[in-house]
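Below is one structure, written out as structure tokens, with a few remarks after it.
The values are calculated or read from the model by the stated rules, or taken from the named source; none is laboratory data. Values in this document were obtained by computation on a predicted structure and should not be read as measured data. Methodologically, a virtual Cβ is constructed for each residue, glycine included, from the backbone with ideal geometry; neighbour enumeration extends over all protein chains shown.
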Amino acid sequence: MYAHIRGILSEKLADSVVIDASGVGYELSVSANTLASCPQAGEEVKLFSYLSVREDAMELFGFASREEKKMFLRLIGVSGIGPKTALGVLSALSVKDLSIALVT
């Protein structure tokens, strides 16, 4: 539904960021790698996004690159792996390292 969100980074939290896009603050859960790549608060940022819709919640997830988003989508496609677990995996390993680990 949302391909990306671009705006001013309002806040960097422990596992999420808030992006002000045209006066609306979007909170996106992010991996540690994406959080580290985000600029300081007050600067412009663009994150690729994924909207997770469940019967009890709607959550936005943000990614620094298309590759990270693609890997996230592959991970949540595995039975038993949800969005939070997938973010945990992406926080522990870079996309490149995770790809190598899966191949070997």
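Points worth noting:
- Looking at A92, A21, A64, A101, just one residue is among the small types (G, A, S), modelled with pLDDT of 95 or more and over 12 Å from the mean Cα position of the chain (by Cα), and that residue is A21.
- Applying the condition of being within 17 Å of F48 (Cα to Cα) and of a type outside the set (S, T, N, Q) to the range 89-104 and asking which residue is surrounded by the fewest Cβ atoms within 10 Å (Cβ to Cβ) yields V95.
- Put simply, of L47, L9 the only residue that is out of contact with any Pro (no Cβ under 7 Å at 6 or more places or on another chain) and aliphatic (A, V, I, L, M) is L47.
- Qualifying residue in the range 81-88 (condition: surrounded by 15 or more Cβ atoms within 10 Å (Cβ to Cβ), in contact (Cβ under 8 Å) with a residue 24 or more places away in the chain and farther than 20 Å from L102 by Cβ): no
- Considering residues of the range 37-57 that are among the aliphatic types (A, V, I, L, M) and at pLDDT 95 or above only, the residue surrounded by the most Cβ atoms within 10 Å (Cβ to Cβ): L47
- Taking the chain as the region of interest, the helices (runs of 4 or more DSSP H) fully inside it that hold 3 or more residues being touching a Ser or Thr at 6+ places or on another chain (Cβ under 6 Å) and not polar (S, T, N, Q) are 83-92.
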